[in-house]
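> Would you mind keeping the following structure in view while I ask a few things?
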Amino acid sequence: MVPADQGGGVMRTALLTDPVDGLDEALAAVDAFDRALVGGLLRPQPAQAAWAAELADAVAGTPLASRAAEAAGKAAAGAAGEDHFVALAAARTALLGAVHDALMTRVDEATGRARVEDAAPPPAERRTANVSAAARSWLSDLARAGWQGIDHELVSGAAQVVSAMLADPALRRQATLLDGFAAELAASCPGATLERIPVRRWADLWSRAMLLTLPGAAEVSAPGTATGRLLPLGVDVHEHATAAQAQVHAVFEPADGTTPRLVRAAVSVPKPDTVVGAGVWQLLRPHMALLAAVSEGRSMDLSGMPVTAEGDLIWNDDQARPGGPADAFATARVAMAAATAAAAAPLDRHPARIAEPVFLEGYTVREEDGSLLFEVAGHPVAVDTDRIPTAGPLTPEAVEASGACIGLLRWDAGIFSVQPLAVERTVRKKAVAVHGGGWAGGTADKAGLRAEKAATDAVTVLRERAGRLLRK
């Protein structure tokens, strides 16, 4: 909620708790097909055939209707081919895309935010039909075997396809997806012994990988350029055992005076699994000057920085220089309310991808069943403190003591929630800001210094060991 007398408007939080028509039915159809993939579609049982038919029925009023119905019929008979699996993947993706769009419409209504849709790029000619066909064949074999039927022999079939794709820069996106997917499956083999299967996740990866084998599916519009002032809002840290990413959310004010817009800038690095928490900044900060600006509370002046139609800056330190002081909460109160946002690309329209910057103020905090809630204008908004990274000074305790929050609005398990990026609380009658990315560019904070030292020691040991191995 942004007070109107400070240049903003009131976020209609009631809309975030109201039901969305048709959402439950669409997700039920997706879940039905996902259950069919668990046992595989080589020799489907009657229940699996019914689940595939449920997916086809859900898209009966769309251009996919005839193809989805034919594919469901073939799957029920155990005779589905590659084209049929593509049709089923398309139907599933379309349903999740519709769920995403319905939720984003609700978000835009609640925030009063305008969203800009980019025209789809024309498909380009690719000389990679054989490689894509090989990937499609492997994915079809996975669907026939099902997650309970995977074994090392089946999963290893992806290795040759991935190697061939990596040789072509235009296929790196698909190669990375297939490689990661195959690695997850390999770590879970044999499927018959699995006690728990990540049904939604594996179906997501399978359907996305299947559609990316189609000509033009991975094409994106040529990036534009951004010249003007970048005002950071906060940093979202994504950490994996072998990789880390810092994604900066910001408001961009074009130099030509046109409407400000919400953008993102991200940097990703590989990392050893022993470097965790604040240690990831040592790996990330050499690759992005923006991280220092975030921790120092400064803007960045951009000159010709490439930016995609979805609002992602393709960061290059040579095209940015530090600007003047820029308080994130001042940006959230004044500039964010007027900023437009970009619509997601078609294949990126998935409920799990929703991460919309919002500013909440004047709320009360209460705890319910072990979870925090912001009471905003009489309506509760769930607070996802589990997403707060350990790589910064922001803690659940700081969130609980706050009176203002910059966060990302997300949707999961049927509800909207706010992931805090920064909060403002009162200490000795003065407003004090606590940022999750406060240690991004370095810190004098005692806790941050201890974490940095521990990470430095771990990195030093790893470098010494690597040096010995190389000398041998």
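Values in this text are rule-based calculations from the coordinates and carry no lab data. Just so we're clear, the structure is a prediction, and the values are computed from it rather than from any experiment. Note that each Cβ is placed from the backbone with ideal geometry, even for glycine, and that neighbours are counted across all protein chains shown.
> Please compute the Kirkwood hydrodynamic radius over segment 224-342, one decimal place, Å, based on all pairs of different Cα atoms.
Mean inverse Cα-Cα distance, inverted, gives 14.5 Å.
> Going by how many other Cβ atoms sit within 10 Å of their own, how do Asp179, Asp151 line up, fewest first?
Asp151, Asp179
> Please rank Phe329, Phe33, fewest neighbouring Cβ atoms within 10 Å first, as an exposure proxy.
Phe329, Phe33
> Mind putting together the pair-distance distribution for segment 210-272? All Cα pairs, 5 Å bins, whole percent per bin, short to long.
Taking every Cα pair in segment 210-272, the percentages come to 4, 14, 16, 13, 15, 19, 12, 6, 1.
> Rank by packing, highest mean first: peptides 244-253, 166-175, with packing defined as the count of other Cβ atoms within 10 Å averaged across residues.
244-253, 166-175
> May I pose another question? Roughly speaking, what is the centre-to-centre gap between segment 41-112 and segment 202-254 when only Cα atoms are used, to the nearest Å?
Each part's Cα centre sits 25 Å from the other's.
> If you filter segment 175-229 for GluC sites (Glu not before Pro), then keep DSSP loop positions with at most 11 other Cβ within 10 Å, what is left?
Those satisfying the criteria are Glu195.
> What value, in deg cm²/dmol to 500, does the helix sum -39500 (n - 2.57) over DSSP H runs of n ≥ 4 give at 222 nm once divided by the residues of the chain?
Taken over the chain, the calculation gives -12000 deg cm²/dmol.
> Here's something else I'd like to know. Only Lys, Arg, Asp and Glu count, each charged at its Cβ (+1, +1, -1, -1), so figure out the dipole size of segment 224-342 about its Cα centre, rounded to 20 debye.
140
> Any idea what angle helix 82-111 forms with the longest principal axis of the chain, computed on alpha-carbon atoms, 0 to 90 degrees, nearest 10?
Orientation of helix 82-111: about 30 degrees from the principal axis.
> To the nearest 10 degrees, how steeply does helix 129-145 sit against the main Cα axis of the chain, on a 0 to 90 scale?
80
> So, one more: Give, rounded to the nearest 20 debye, the magnitude of the charge dipole that the chain has about its Cα centre when Lys and Arg contribute +1 at Cβ and Asp and Glu contribute -1 at Cβ.
So the dipole magnitude of the chain works out to roughly 1340 debye.
> For a protection proxy built on the mean count of beta-carbon atoms within 10 angstrom, sort 257-264, 376-383 highest first, please.
376-383, 257-264
> Another one. Can you give me the angle between helix 23-39 and the longest principal axis of the chain, using Cα atoms only, in degrees from 0 to 90, rounded to the nearest 10?
Its long axis makes an angle of about 50 degrees.
> For the residues His152, His100, His84, His287, what sequence is obtained by ranking on other C-beta atoms within 10 Å, fewest first?
By the 10 Å Cβ count, ascending: His152, His287, His100, His84.
> Arrange the peptides 274-284, 391-401 so that the one whose residues have, on average, the most other Cβ atoms within 10 Å appears first.
Descending packing order for the listed peptides: 274-284, 391-401.
> Once you have the alpha carbon radius of gyration of the chain, what is it after dividing by 2.2 N^0.38 Å, with N set to its residue count?
1.04
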